[in-house]
Amino acid sequence: MTDKSFNPFEMAQTQFDSIADKLDLDEGTRELLRYNQREYHVSIPVRMDDGTVKVFRGFRVQHNDSRGPAKGGIRFHPMETINTVRALAMWMTWKCAVVDIPLGGAKGGVICDPHNLSAREQEGICRGWIRQLSRDLGPLNDVPAPDVMTTPQHMLWMLDEFETIRGSKLPGFITGKPVGMGGSMGRTEATGYGVIFNVREALKELKIPPADTTASIQGFGNVAQYAIELYNQIWGKVVCVSCWDQKDQISYSFKKLDGIDLVELKGITDRFGGIDKKKAEKSGYEILPGDAWIEQEVDILIPAALENQITGENVGRISDKVKIIAEGANGPTTPDADKEISSRKIFMIPDLLANAGGVTCSYFEQVQCNMNYFWEKDEVLGKLDTKITNAFNAVNGLAKSKKLYMRDAAYVIAVGRVVEACRERGWV
Ligand code: GLU
């Protein structure tokens, strides 16, 4: 989103093309899956607190719904672009397929910066986005969820607007709702925990005890925080995190070789994941440039912020000590960087597998809403662990048996399942 020359949709298509070659897909199937099935561009007028009307631009892209209703989050970001949303929609299709849940792929976005908007203005954007799109969304068509800078409260406003328009209670319309309002226990934790379920399995595969490992993480939002929580529980030590500083408009890394203290850092972090520099410094953190997270001498790197972060330019700064990269974010590694990582034999846990915990728990949330019966947290997290571990084993098993890079193995499974659904429906 930050680099104008970077087109994530082209990157997503390049990734798809290379798998299409591996699977020897025919031209028609390639044409269908290289592009999105539907996309919507909307204008959302919002009455601001100062009385003026501001028009926000928003998007919803549905990539493929052959395996079930399209599914994916909605992002609020000042630099959002349609090509980013297109890429993310395609990645959602593969993500749902790799964990084998009966959903397709979609993504949404609004160009806005919630840092500078009051709660009432944010509510206006949420309701306005639904008003523009309600005819094309729905529990059986396309089911939104939280993503970058959107929260359970945003989901509830969207649900309320949707139910008002439709005149019925439809809690399965959106996921990531607050617990008690149709949300699932464990949904907030799910993406970050899913990253660590994968890391735990990768460490087993590499025969390294988690307690002997350290990690460096890019980001300190929802995904990063819960990844740190579970990684600490399995005795791993995080020595560096980086985050965006809203005031300075750049990011910083926060380093502590004894291990960062999650509770302490959370206590000095705003709701968008920005850590207070002065307070961190007082608590003994070394403050480094935002990209320092990538060059730490750790065993595990977890990019858990945005796309386009590990690139041809900085991939060489990854330490020889790094054994695992787990992509908490969507699309953090560009294809040229990916080639280098693959040739260095770093164990890559690709985004579609690493961060699939969120959408998997969203699926559980829909199931619970449909039954109107809600599971205890342990039950949700237990089911999540099983689903993610099974997906990891399937991908890792294929990677080993066919000598594939982990990302390629994940794509072969995911694209293969989507192609099969399209064929069985008679689309291709
Ligand atoms: N936004 C999350 C993702 O990128 C979750 C999507 C969902 O729950 O639908 O996977």
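Each reported figure results from applying straightforward, stated rules to the coordinates on display, with no laboratory input. This is a predicted model, so every value here is computed, not measured. Cβ: placed from backbone, ideal geometry, glycine included. Neighbour counts: every protein chain shown.
How about the stretch 175-221: which chymotrypsin sites (Phe, Trp or Tyr not before Pro) there are in a DSSP loop, with at most 15 other Cβ atoms within 10 Å of their Cβ? Let's see the in-between values first.
On the way: sites: TYR193, PHE197, PHE220; in loops: PHE220.
Qualifying residues, ordered by number: none.
Which lysines does LYS54 reach when only Cα atoms under 24 Å apart count, and residues fewer than 8 places away in its own chain are ignored?
The qualifying lysines are LYS107, LYS247.
Note down the nm distance, to one decimal, between modelled labels 7 Å out along Cα→Cβ at GLU376 and at LEU140.
Here the modelled spin labels are 3.5 nm apart.
Between the stretch 372-428 and the stretch 211-239, what is the separation of their alpha carbon centroids in Å?
24
Using mean Cβ contacts within 10 Å as the protection proxy, how do 316-323, 386-393, 137-144 order, highest first?
137-144, 386-393, 316-323
So what's the back-of-envelope 222 nm ellipticity for the chain, counting only DSSP H runs of four-plus at -39500 (n - 2.57) apiece and dividing by all residues, rounded to 500?
About -14000 deg cm²/dmol.
When VAL298, VAL179 are ordered from fewest to most other Cβ atoms inside 10 Å of their Cβ, what list results?
VAL179, VAL298
Which of the trypsin sites (Lys or Arg not before Pro) found in the stretch 145-210 are loop residues per DSSP with 14 or fewer other Cβ atoms within 10 Å of their Cβ?
Taking the stretch 145-210 and a limit of 14 other Cβ atoms within 10 Å, the loop trypsin sites (Lys or Arg not before Pro) found are LYS169, LYS207.
Going Cα to Cα from LYS383, which lysines come in below 21 Å? Please leave out same-chain ones fewer than 8 positions away.
Leaving aside lysines fewer than 8 places away in the same chain, those within reach of LYS383 are LYS71, LYS95, LYS177, LYS204.
Near LYS255, which aspartates and glutamates are there with a Cα under 16 Å away, not counting those fewer than 8 places off in the same chain?
ASP245, GLU264, ASP276, GLU281, GLU286, ASP291, GLU295, GLU297, ASP299
Which loop GluC sites (Glu not before Pro) in the stretch 282-376, with loop taken from DSSP, have no more than 15 other Cβ atoms within 10 angstrom of their Cβ?
Counting only loop positions with at most 15 other Cβ atoms within 10 Å, the GluC sites (Glu not before Pro) in the stretch 282-376 are GLU297, GLU313, GLU376.
So what is the relative contact order of the stretch 306-352, in percent, for Cα pairs below 8 Å that sit 6 or more residues apart? Show your work: numbers first, answer last.
Details: 59 pairs, mean separation 22.9, N = 47.
For the stretch 306-352, the relative contact order is 49 percent.
Would you mind giving the average projected area, over all directions, of the Cα convex hull of the stretch 198-280 in nm² with one decimal? List each step's numbers first, then the result.
Details: hull surface 21.6 nm².
Its average projected convex-hull area is 5.4 nm².
Given a cut-off of 32 Å, what percent of all Cα-Cα pairs of the chain lie beyond it?
When every Cα pair of the chain is considered, 32 percent fall beyond 32 Å.
With a cut-off of 8 Å between alpha carbons and a minimum separation of six or more residues, what is the relative contact order of the chain in percent?
Over the chain, the number comes to 17 percent.
For CYS240, CYS422, CYS361, what ranking results if the residue with the fewest other Cβ atoms within 10 Å of its Cβ goes first?
CYS422, CYS240, CYS361
Cut-off 10 angstrom, C-alpha nodes, Gaussian network model of the chain. Which of TYR405, TYR231, TYR40 fluctuates the most?
TYR40
First obtain the Kirkwood hydrodynamic radius of the stretch 21-162 from its Cα pairs, then insert it into the Stokes-Einstein equation at 25 °C and 0.890 mPa s, and state the resulting D in µm² per second as a whole number.
158
Taking other Cβ within 10 Å of each residue's Cβ, how do CYS96, CYS243 sort, fewest first?
Values: CYS96 31, CYS243 27.
The fewest-first ordering by Cβ neighbours comes to CYS243, CYS96.
Can you tell me, using C-alpha contacts under 8 Å and at least 6 residues apart, the relative contact order of the stretch 243-337 as a whole percent?
After rounding, I find 26 percent.
Taking only pairs that are 8 or more places apart or on different chains, how many Lys pairs in the stretch 293-377 have Cα atoms under 30 angstrom apart?
Counting lysine pairs in the stretch 293-377 gives 4.
Based on the Kirkwood radius over alpha-carbon pairs, what is the Stokes-Einstein translational diffusion coefficient of the stretch 282-428 at 10 °C with 1.306 mPa s viscosity, in µm²/s?
Calculated translational D: 91 µm²/s.
Please give the charge dipole size of the chain, origin at the Cα centre, charges +1 on K and R Cβ atoms and -1 on D and E Cβ atoms. Round to the nearest 20 debye.
So the dipole magnitude of the chain works out to roughly 540 debye.
Quote to one decimal, in nm, the extra length available between LYS278 and ASN314 on full extension: 0.36 nm per residue of separation minus the C-alpha distance between them.
10.2 nm
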